[in-house]
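The values are calculated or read from the model by the stated rules, or taken from the named source; none is laboratory data. The shown structure was predicted, so the numbers you read here are calculated from the model rather than taken from an experiment. Ideal geometry is used to build each Cβ from the backbone, glycine not excepted, and the neighbour counts take in all protein chains shown. With ligands, DNA and RNA removed, areas are computed over all heavy atoms of the protein, side chains included. Shrake-Rupley method; radii C 1.70, N 1.55, O 1.52, S 1.80 Å.
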Amino acid sequence: MNTLLWLRTDLRMHDNPALAAARENGTVTALFLAAPDQWRQHGDAPAKVDFWLRNLHELSRDLGERGIPLKLLTVADWSKAPEAIAAFCQAHAITQVHANTEWAINERRRDAAVAGALDAIGVDWTLHHGASLLRPGTVTTGKGDCYRVYTPYARTCRDRLRTAPVVAVPPPRPQTPPDWSADPLPDTFDGFARPSEAIRALWPAGEAAAGDRLEAFTDGVIDAYKDERDFPSMPGTSCLSPYLAAGVLSPGQALRAALSANHGELDSGKAGAATWINELLWREFYQHLLAAYPSLSMHQPMKPETAAVPWRDAPDDLRAWQQGQTGIPIVDAAMRQLLALGWMHNRLRMVTAMFLSKNLLIDWRLGEAWFMAHLVDGDLAANNGGWQWSASTGADAVPYFRVFNPLSQSRRFDPRGVFLREWLPELADLDDKAIHDPSPMERAAAGYPMPIVDLAQSRLRALEAFGNLPAVG
Ligand SMILES: Cc1cc2nc3c(=O)[nH]c(=O)nc-3n(C[C@H](O)[C@H](O)[C@H](O)COP(=O)(O)OP(=O)(O)OC[C@H]3O[C@@H](n4cnc5c(N)ncnc54)[C@H](O)[C@@H]3O)c2cc1C
């Protein structure tokens, strides 16, 4: 029997439930459906699309060594997926299609339409669970609802993970290849420019690269994670987010590596490992919310009353933020890091997101879209969750009156200005104190802009905007 594995954001051979099931049931062919127009509608970053493609090259080789050909189909957008998948199945005498669930609304609608098209031609369609540790919809409050608060959610997750550990799915057994061979893969997809070599070098593709990074992190760095993860000049975090977002690494693989570095303890034992596991659970939390609340995929705030925030229409301020020219050094350094690396440190994602949504009072959705357009790890659930957290519009968000002061954050988390000097070379000669907030003379000499906003006044403006919202419902 010929079966099909439809690859999406699960670009791996190991620990891939859909692949394992497809192989168990027959001779498997793998398929990737490229949808450049759809990706453009989603505002996906060229660096991310390039990362997918580079991983597909690696995966095609790995699968090929086991006799599994990787085919590539290109459609404009998901509306063309049912016809394309059904035609592929008919042309290759495929009787079963297996895929891992994606939870964003367009992908769920796509899958429902594909299921219908396959049913009409008598092909079985099975969705598996491979993107999170626990299946969305199964971690619920006593009343059966999706948790909206992280702490009790994480407690329930840990209880579940303690009693039913997440076990690895074996990679597929080698097979005699079907009658068709793998497709040659392109070097770029239409309309998605190749990113800089610096970005490509920073994010090497393939499961082996992801595994090496995971091992290097859990073998040592993880021990200091709790103390160092907030300091952007330190290599204190795993930098695994692109691999988790593209599914090159599974959350189970990440969890098991952390557990083995911590004698199997989830929330006790070493503080570094326990804190890192906590972050994996934040990732889960946002995925579970995205699955439970389709409105999150449709640009809606989780707190309905915040739809009435009087966001400013300030294109010049937005552009200054995007380009790292706000005159607030920590914000500018972070935004330049994003443009150069396709990645930004978590602490700075919070600082820059809060600066945009509170100090500039610019709609968080514009920031969310800018991040998505540049992040190699761009992931709807985590990005939306992080933005709604920072903008105080989200489920378990920071209270609106707790506005980070970017200068205090800068002094606290980059006390010697190491990160600032790396990304703002024009300020590199300033001393450790001045670099966080240079004087007008120092700015003029360095060709660095004056702040585009007064931090104290803009904070009060945000408090007023959020404090006076009409109640909803
Ligand atoms: C405004 C904003 C936008 C964000 N956008 C994204 C995004 O598009 N994609 C993305 O993967 N993460 C996003 N994050 C979460 C977080 O910043 C990144 O996951 C993290 O910086 C990645 O670096 P790392 O792999 O070294 O993380 P580590 O600190 O090593 O954490 C390990 C893994 O846990 C997950 N994780 C860690 N923190 C979070 C978090 N707060 N929320 C969800 N998952 C988390 C990631 O998969 C990460 O790789 C965003 C956060 C904010 C505040």
Could you look at the range 302-381 and say what percent of its accessible area is carbon and sulfur, using a 1.4 Å probe and all protein chains?
56
Projected onto their principal axes, the Cα atoms of the range 37-195 stretch, largest extent first, over whole-Å spans of 50, 37, 33
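Can you give the FRET efficiency for Asp454 and Asp219, using 1/(1 + (r/R0)^6), R0 = 56 Å, r = Cβ-Cβ distance, to the nearest 0.05?
0.75
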Quick check: Cα centre of the range 199-241 to Cα centre of the range 26-74, how many Å?
24
Rounded accessible area per residue of the range 187-304, 1.4 Å, Å²
41
Kindly provide log₁₀ I(q)/I(0) values, in the same order as q = 0.12, 0.21 Å⁻¹, from the Debye equation applied to equal alpha-carbon scatterers of the range 288-437.
-0.49, -1.34
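If you stretched the chain out fully between Arg40 and Arg412, how much longer would it get, using 0.36 nm times the residue separation minus the C-alpha to C-alpha distance?
130.1 nm
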Label-to-label distance, nm, for residues given as Arg155 and His129 (7 Å Cα→Cβ offset):
2.2
How would Cys239, Cys89 line up by accessible area, probe 1.4 Å, largest first?
Cys239, Cys89
Gyration tensor verdict on the range 1-124 (Cα atoms; rounded if a/c is under 1.5, prolate if a/b is larger than b/c, oblate otherwise)
oblate
Most to least accessible of Tyr150, Tyr293 (protein chains only, probe 1.4 Å):
Tyr293, Tyr150
Among the lysines, which have Cα under 28 Å from the Cα of Lys303 when same-chain residues fewer than 8 positions away are ignored?
Lys143, Lys358
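Seen from all sides and averaged, what is the projected area of the convex hull of the Cα atoms in the range 258-317, in nm²?
7.1
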Applying the Karplus parametrisation 6.51 cos²θ - 1.76 cosθ + 1.60 with θ = phi - 60° to the phi angles of the range 334-347, what ³J(HN,Hα) value in whole Hz is obtained for each residue in order, glycine and proline being reported as x?
5, 5, 6, 4, 4, 5, 7, 10, x, 7, 9, 4, 4, 4
For the range 360-405 and the range 114-169, distance of Cα centres in Å
25
log₁₀ I(q)/I(0) of the range 371-473 at q = 0.14, 0.20 Å⁻¹, via Debye over equal Cα point scatterers, no solvent, to two decimals?
-0.79, -1.13
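Scan the range 148-202 for trypsin sites (Lys or Arg not before Pro) in coil per DSSP, keeping those whose Cβ has at most 10 other Cβ atoms within 10 Å, and list them by number.
Filter output for the range 148-202: empty list.
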Where both partners of a DSSP beta bridge lie in the chain, what percent of those bridges are antiparallel, to the nearest 5?
5
Translational diffusion of the range 419-471, µm² s⁻¹ [Kirkwood Rh, Cα pairs; Stokes-Einstein; 20 °C; 1.002 mPa s]
163
Cα centroid of the range 440-462 to Cα centroid of the range 277-324, whole Å
26
How far apart, in nm, are two points set 7 Å out from the Cα along the Cα-to-Cβ line at Ala369 and at Leu463?
3.2
Less than 29 Å apart at the alpha-carbon level, and either on another chain or at least 8 residues along: which lysines does that give for Lys80?
Lys48, Lys71
Let me know the shape class of the range 192-235, please: from the alpha-carbon gyration tensor, a ≥ b ≥ c as square roots of the eigenvalues, rounded when a/c is under 1.5, otherwise prolate if a/b is greater than b/c, or oblate.
oblate
Kindly identify the range 140-242 as rounded, prolate or oblate by the Cα gyration tensor criterion: order the square roots of the eigenvalues as a ≥ b ≥ c, call it rounded if a/c is under 1.5, otherwise compare a/b with b/c, prolate if a/b is larger, else oblate.
oblate
Pull out the extension gain between Gln175 and Asp432, defined as 0.36 nm times the separation in residues minus the alpha carbon to alpha carbon distance; nm, one decimal.
86.4 nm
In square nanometres, what is the average projected area of the Cα convex hull of the chain?
23.1
Which sequence of Asp431, Asp37 reflects their accessible areas, 1.4 Å probe, from the largest down?
Asp431, Asp37
Going Cα to Cα from Lys226, which lysines come in below 18 Å? Please leave out same-chain ones fewer than 8 positions away.
Lys270
Taking every C-alpha to C-alpha distance in the range 185-317 and binning by 5 Å from 0, the per-bin percentages run 2, 8, 14, 15, 14, 12, 15, 11, 6, 2, 0
